[in-house]
Amino acid sequence: MKYMLIMRATDEAWAAMADVDFNEILETMGKFNDELISAGVLVAAEGLDDAAQGVVVDYSSETPVVTDGPYGETKELFGGYYILNVASKEEAIEWAKRMPYVGPGTKTEIRRVTSIDEFPQDNIWIKKERAWREATGQL
């Protein structure tokens, strides 16, 4: 089963990390990523650019409204993610507990990633997506 570990932090937590040497961050995160790779559970891992560079598309009105970042009302920013292929939610939780650079103001949300196999296989759109995934080596 695949699980997504979504890394979140408050503005204060991001500010606390600002003084940490970037090479130290790369070393520490690299070691953690290497553990995931060695265990055979890492599928993907990416960090995200500064929220000030992003936008939000809000569908609350008839015409979608696009708002540039940063987002003053945001309490926790989504800073990156891991996708792990593990046997259970409990195993995903154990990996999340080992995540470096966590503390007050940080959280990791864990959500199962659904598989294409869980959708009706006779649906034309599922058939098209499955064919695309097979052609691109994703299945």
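The values are calculated or read from the model by the stated rules, or taken from the named source; none is laboratory data. This is a predicted model, so every value here is computed, not measured. Note: ideal-geometry Cβ built from the backbone for every residue, glycine included; neighbour counts use all protein chains shown. The accessibility values were calculated without ligands, DNA or RNA, using every heavy atom of the protein model including side chains. Shrake-Rupley method; radii C 1.70, N 1.55, O 1.52, S 1.80 Å.
Structural remarks
- Count of region 1-27 residues which are more than 23 Å from N85 (Cβ to Cβ) and out of contact with any Asp or Glu (no Cβ under 8 Å at 6 or more places or on another chain): 17
- Total residues in region 11-39, condition open to solvent by less than 90 Å² (accessible area, probe 1.4 Å), more than 25 Å from K89 (Cβ to Cβ) and touching a Leu at 6+ places or on another chain (Cβ under 8 Å): 1
- Among the conditions (1) surrounded by 12 or more Cβ atoms within 10 Å (Cβ to Cβ); (2) closer than 30 Å to K31 by Cβ, the only one that R98 does not satisfy is (1).
- So A92, is it touching a Phe, Trp or Tyr at 6+ places or on another chain (Cβ under 9 Å), under 27 Å from V113 (Cα atoms) and either of a type in the set (F, W, Y) or free of Cβ contacts under 8 Å to residues at least 40 places away in the same chain (or both): no
- Considering the conditions (1) surrounded by fewer than 12 Cβ atoms within 10 Å (Cβ to Cβ); (2) at pLDDT 90 or above; (3) of a type outside the set (D, E), N85 is excluded by exactly one of them, (1).
- Listed by position, the strands (runs of 3 or more DSSP E) enclosed by region 19-112 that each have at least 1 residues that are under 18 Å from the mean Cα position of the chain (by Cα) are 42-47, 55-58, 77-85.
- Q138 being open to solvent by 70 Å² or more (accessible area, probe 1.4 Å), polar (S, T, N, Q) and under 27 Å from A15 (Cβ atoms): no
- A52 of a type in the set (A, V, I, L, M), surrounded by fewer than 15 Cβ atoms within 10 Å (Cβ to Cβ) and at pLDDT 90 or above: no
- Subset of region 113-139 (residues that are without any contact (Cβ under 8 Å) to a residue 24 or more places away in the chain and part of a loop (DSSP other than H, G, I, E, B)): T114, F119, P120, Q121, D122, N123, T136, G137, Q138, L139
- Any pair with Cβ under 8 angstrom, 6 or more apart, that starts in region 1-30 at a residue that is under 30 Å from I116 (Cα atoms) and ends at one that is in a helix (DSSP H, G or I) and open to solvent by 60 Å² or more (accessible area, probe 1.4 Å): M1/K89; Y3/K89
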